[in-house]
Every structure is written in structure tokens, then in C-alpha cells.
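Peer 1: Below is one structure. I have some questions about it.
All of the numbers you see were taken from the coordinates with simple rules; none came from a lab. Just so we're clear, the structure is a prediction, and the values are computed from it rather than from any experiment. Here Cβ is always computed from backbone atoms with ideal geometry, including for glycine, and neighbour counts include all displayed protein chains.
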Ligand code: SF4
Ligand code: SF4
């Protein structure tokens, strides 16, 4: 989306301020407004800044760009803005304004690193790690060159959350899924979210081409960010594909429903679930992971006060983790304090990026939780696979 596409609607935000709240309007739920307590740092405030830029009533400055980038693109404003029909565009508008910031030379320095690393041919990932072509993993897990499924690992799992990656690989093997890996480039989520969109279409076409090469008709990812990008952004960038997309939670739920998977041991812990913004508000998946947790024998599953559409962001997304690292963990600290109220000892999610930021806050503030992904919990269980 370009800002010109929203010229006809952007002036219609009526500054009611509902975008800052949960559904019940009892709590602030925009992490950015929570931090700054100043209207400009809410969605409504940003919309009016962007309107001012579009009318040339405001000029680009580092300060203005900084306000646009101090947003985790969590989507709470999309969920709670009362301006129906148009509210669905607010995150897209913020991302489009960031693309304008990039064009005008106002992308903040730290976020620029994401593009430099992602487009570096030695890396193709935002973590500045040497690119893994995944050949070693294919050998280690004895994976074929052609398969029905591709596990699209994603950069966070491949370079920062290897236990989550390996748990997923082990689960797919145990479940006898015919899958393989490709030599992936970044899915582009970090650079799209920060408005650095110049290489995105090429990267998307590359990944789709690699998936086609191995003959896969299904793609599974363990990352909420990759999932949202593949599900929503490829189409927006005009990149088509004909494979069916799954998040790991969806495959687990399907196998349980079909009677092909049974949990044969207990997980006797009190667990609360953190909805990743990219799986929840951005992709509409709330109940599937919950149904899986609730089927685990022995589990005591409890909800945080803010859950599902009202979940509080972990603070990592939208370039906040790299741009404002201290603030990012403060946001996760607030989330973990909410988790404490439930009596849970385990905070679980379905996204490696949430896992990273929640773990960082847990360690930094010594909050004493076990932070773990759903697939890592399943990796600890005895599983029975029923072949039909
Ligand atoms: S809720 Fe919607 S209309 Fe109201 S201030 Fe926020 S963005 Fe504007
Ligand atoms: S996307 Fe989230 S952080 Fe950004 S303005 Fe909307 S509610 Fe606030």
C-alpha cells in the first residue's frame, strides 16, 4: 500500500482515542501510548502526523520519523479503532509512512541494519549470521531433496532459537511428515515492518521458486512473523504461490483431530499462553493453539487478563527490538507481570520472536518463569503417532 491509496480516508480519524484501549476500554493496550502517555504516540496521533506530512503541513525530521518507528505494529489499534471499514488499514498506513521515511532518508540508523544484513549475500538474514543453506540440517535429519512439505524455518528460529527449530524438526520427523528444507532467504518481515521494501519482491519470488523446486504443495512454519508475511504480505507485493500454508500449531491440531496423534505423557505445570500479534490479531488464529494446550495431559492452562484480540504485545515487533531494545524488554516485563497474576510458572507462545523478547525480560528482571514455545513443550512429551 502507498500513502496515496489512503488519501480519501486518512483525514477521517476523529481522534476519539479508542485505539489505545482493550475492547472493554478499561486498560491501555497500545504499548507505544503506554510508554509515552502522549496522543502523538497512539495510532490516532500517528495518523494525524501522516496526514500532515501528506499535505505538506509537516516536514520530515528525525524526531517525526522516530515517532513513526516507536510502534510495534501490534495491531491493537486495528482491533479497537471504532472507525469501522477503515480501521483495518492503520498498521499498513504506518508501514507505508515508514517506507516514505526511508525514501526521504529518515530511516533510523539501527533499523537500517536490518536491510543491510538481509541483503548482504553472505547473510540473507537480519541477525548478521553467515547464511545457512540448511544442507547440514538436511543431512542431520536425513531429509530428502523433494518432498510434499517444506519446513520454512525462518531466521529467528534458525539463528537465535535453535531449540525451537530442532523441536519442530523432531516433531515433523516423529509425525512422519514427508518434508524437506530449502536454502531460505529472510521472509522479509523485519524489512517490510520497517518500510525498507526495495528488495522484498525479489526475496519473495526467490523463496517461492525454491519451494517449487522441491515439489512441495504445503509449507509449514514455526514462526508467527513468517506466517503472517507469507499469508498476508506476499499477496500485497503481488507474489503468488499455490502451496497451502500452515503454522505448526495448525498441523498439530489437525493431527489430533484426525486421531493421528496422541499425547502419552503428562506436562504437570501451570501454563499461560501469550498470543503473538502476528498469529493472533494479524492472522486471526486464537483458538487453535489453545485447543492444543488443553489436550496436553496434566497441564493446568490459565489465561492472562488480556488475551486473544486484547492480548498485550510482547514488544519485539515492528523494528522495536532493534530500534528500542530497552523499551522492548520493558513491554515484555509488563506482559510477564500480567502472567504472574495467573499463578502460571510457564509462559508459552507460538513464535520465536516472542520467545526471545519474553526470555530477555524474564532474565533481565529475574522474573522466574520458564519461557517456552508450544512445540518445545510437545518435544518433551511421549507421542503416539497412529498411521492410517
Ligand atoms: S480509534 Fe480510530 S478514529 Fe479514533 S483516534 Fe484512534 S485511529 Fe482515530
Ligand atoms: S500498532 Fe500497536 S503500538 Fe502501534 S499504534 Fe497501533 S496499538 Fe499502538
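Peer 1: What number do you get for the chain when its Cα radius of gyration is normalised by 2.2 N^0.38 Å, N = residues?
Peer 2: 0.97
Peer 1: State, as an integer percentage, the relative contact order of segment 3-107 based on alpha-carbon contacts under 8 Å between residues 6 or more apart.
Peer 2: Relative CO of segment 3-107 lands at 31 percent.
Peer 1: Between residue 202 and residue 257, what is the spin-label point distance in nm, taking each point 7 Å from the Cα along the Cα→C-beta axis?
Peer 2: According to this spin-label approximation, the distance is 4.0 nm.
Peer 1: Please list the equivalent ellipsoid semi-axes of segment 1-155, computed as the square roots of five times the alpha-carbon gyration tensor eigenvalues, in descending order and whole angstrom.
Peer 2: Result for segment 1-155: semi-axes of 36, 20, 15 Å.
Peer 1: Follow-up question, since we're still on this one. If you average the alpha carbon positions of segment 21-96 and of segment 330-388, how far apart do those two centres end up, in angstrom?
Peer 2: With segment 21-96 and segment 330-388 each reduced to a Cα centre, they are spaced 29 Å.
Peer 1: Shifting gears a bit: How far is helix 43-54 tilted, in degrees, relative to the longest principal axis of the Cα atoms in the chain, given as a value from 0 to 90 rounded to the nearest 10?
Peer 2: Here the helix axis deviates by roughly 60 degrees.
Peer 1: Just to confirm the number: angle between the C-alpha axis of helix 325-340 and the first principal axis of the chain, 0 to 90 degrees, nearest 10?
Peer 2: 60 degrees
Peer 1: Right, here's the next one. Working only with C-alpha atoms, what are the Rg and Dmax values of segment 110-254, expressed in angstrom?
Peer 2: Answer for segment 110-254, Rg first and Dmax second: 14.3, 42 Å.
Peer 1: Follow-up. Using alpha-carbon pairs under 8 Å, 6+ residues apart, how would you state the relative contact order of segment 65-214 in percent?
Peer 2: Dividing the mean separation by the residue count of segment 65-214 yields 25 percent.
Peer 1: So, one more: Let me have the relative contact order for the chain, percent, based on Cα pairs under 8 Å that are six or more residues apart.
Peer 2: For the chain, the relative contact order is 17 percent.
Peer 1: Please work out how much length the chain gains when fully extended from residue 341 to residue 295, using 0.36 nm per residue of separation minus the C-alpha to C-alpha distance, in nm with one decimal.
Peer 2: 14.2 nm
Peer 1: Dividing the Cα convex hull volume of segment 323-385 by residue count, how many Å³ per residue is that?
Peer 2: 86 Å³
Peer 1: While we're here: Can you give me the distance in nm between label points at residue 385 and residue 303, each placed 7 Å from the Cα along the Cα-to-Cβ direction?
Peer 2: Rounded to a tenth, the inter-label distance reads 3.4 nm.
Peer 1: Right, another one. Among 137, 230, 68, determine the one that fluctuates most according to a GNM of the chain built with springs between C-alpha atoms less than 10 Å apart.
Peer 2: So, out of 137, 230, 68, the one fluctuating most is 137.
Peer 1: Measure nothing but the geometry: give the 0 to 90° angle between the long axis through the Cα atoms of 109-119 and the longest principal axis through the Cα atoms of the chain, rounded to 10°.
Peer 2: It is inclined by approximately 50 degrees.
Peer 1: What is the calculated FRET efficiency for residue 85 to residue 142, with r their C-beta to C-beta distance and R₀ = 56 Å, to the nearest 0.05?
Peer 2: Efficiency, from the Cβ-Cβ distance: 0.60.
Peer 1: Next up: What distance in nm separates the two pseudo spin-label positions at residue 162 and residue 15, each 7 Å out from Cα along the beta-carbon direction?
Peer 2: Spacing of the two 7 Å Cα→Cβ label points: 5.4 nm.
Peer 1: Now a separate question. Take the chain, connect every pair of alpha-carbon atoms lying under 10 Å apart with a spring to form a Gaussian network, then pick out the residue of 303, 100, 135 with the largest mean-square fluctuation.
Peer 2: Among 303, 100, 135, the largest mean-square fluctuation in the Gaussian network model of the chain belongs to 135.
Peer 1: Calculate how many DSSP beta bridges within the chain are antiparallel, expressed in % of all such bridges and rounded to the nearest 5.
Peer 2: Here the share of antiparallel DSSP bridges comes out near 15 percent.
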